[in-house]
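Report on the following structure.
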Amino acid sequence: MTCARDRWRIPAHREMLCGHGADVRFFLGNGNDNPEADEIIVDCADDWETLPFKVRFALGWALDNGYDFVFKCDSDTWVDVPKLLKSGFENYHYTGLMGDEGEGKGIAHCPSGGVGWWLSAYAARAFLNHWPKYSAEHGGPYHQYEDWALAIVLHDLNDSVLWPHHDIRYWNPALEWKFGKRELKDCITWHFWNGKPDWKPEDTNG
């Protein structure tokens, strides 16, 4: 996911993400123009507050194009793509850095959106199908943060198949207080990447 403000990051992100065997797309909202071949402009606002709607369009696009799994990350997410593709994501319907380590109940099962999360086609379709029902029953949009929105809707389905898989290799250093320090060599992703193509997690000041 990206936006007009962060579009300058796309060339470096493209260099990082492409060429490893994964299909990569950059989703932007209204107000952008002249998209590159891997950029998709969806019909929603381009601000942070409506990110759940942008995610909804992106998941719909992935399903329409026959993808079995989707990995969503943000414009400030560093990704080691070879590690990502060998991470075992295909064994679960819903994977990420979960706020309660995947052990609690309810919306505490919230993935840290900035580090990225995986959904299978089954999970993505369940989320999209249940979105209108949940919104109608609860009086409108349910959360402005896409990670909480995802967790709330999937939890409401009460489907054990969609119970989230916690993987600490998707890392946000802001959560050291909760999970402790991580071995940088084990990280698949790292949130708060500075946009420089040659940056690595070891460069923690960058």
Practice task
Looking only at segment 86-94, decide whether some residue is closer than 15 Å to Ala22 by Cβ, at pLDDT 95 or above and surrounded by 20 or more Cβ atoms within 10 Å (Cβ to Cβ).
Solution key: yes
Practice task
May I ask you to list the residues in segment 43-55 that are in contact with a Cys (Cβ under 8 Å, 6 or more places away or on another chain), in a helix (DSSP H, G or I) and surrounded by 17 or more Cβ atoms within 10 Å (Cβ to Cβ)?
Solution key: Thr50, Phe53, Lys54
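Quick grid of which residues meet (1) modelled with pLDDT under 80; (2) of a type in the set (Ser, Thr, Tyr); (3) over 30 Å from Asp198 (Cβ atoms); (4) in contact with a Phe, Trp or Tyr (Cβ under 8 Å, 6 or more places away or on another chain):
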| residue | (1), (2), (3), (4) |
| --- | --- |
| Glu103 | yes, no, yes, no |
| Gly106 | yes, no, yes, no |
| Trp117 | no, no, no, yes |
| Leu154 | no, no, yes, yes |
Exercise for the section: Please tell me if Ser160 is at pLDDT below 80, small (Gly, Ala, Ser), surrounded by fewer than 17 Cβ atoms within 10 Å (Cβ to Cβ) and out of contact with any helix residue (DSSP H, G or I) (no Cβ under 6 Å at 6 or more places or on another chain). Expected result: no
Handout entry: Which listed residue is in contact (Cβ under 8 Å) with a residue 24 or more places away in the chain, under 15 Å from the mean Cα position of the chain (by Cα) and surrounded by fewer than 18 Cβ atoms within 10 Å (Cβ to Cβ), from Asp76, Asp80
Key = Asp76
Fill in the blank from the handout: Per the filter on segment 6-42, residues in a loop (DSSP other than H, G, I, E, B) and within 15 Å of Lys196 (Cβ to Cβ) are Asp6
Problem - Residue count, segment 1-37 (criterion: among the charged types (D, E, K, R), out of contact with any strand residue (DSSP E or B) (no Cβ under 6 Å at 6 or more places or on another chain) and surrounded by 13 or more Cβ atoms within 10 Å (Cβ to Cβ)) - result: 4
Handout entry: Out of Ala45, Ala62, Ala58, sole residue that is of a type in the set (Gly, Ala, Ser) and at pLDDT below 95
Key = Ala45
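The values are calculated or read from the model by the stated rules, or taken from the named source; none is laboratory data. These figures come from a predicted structure and were not determined experimentally. Methodologically, a virtual Cβ is constructed for each residue, glycine included, from the backbone with ideal geometry; neighbour enumeration extends over all protein chains shown.
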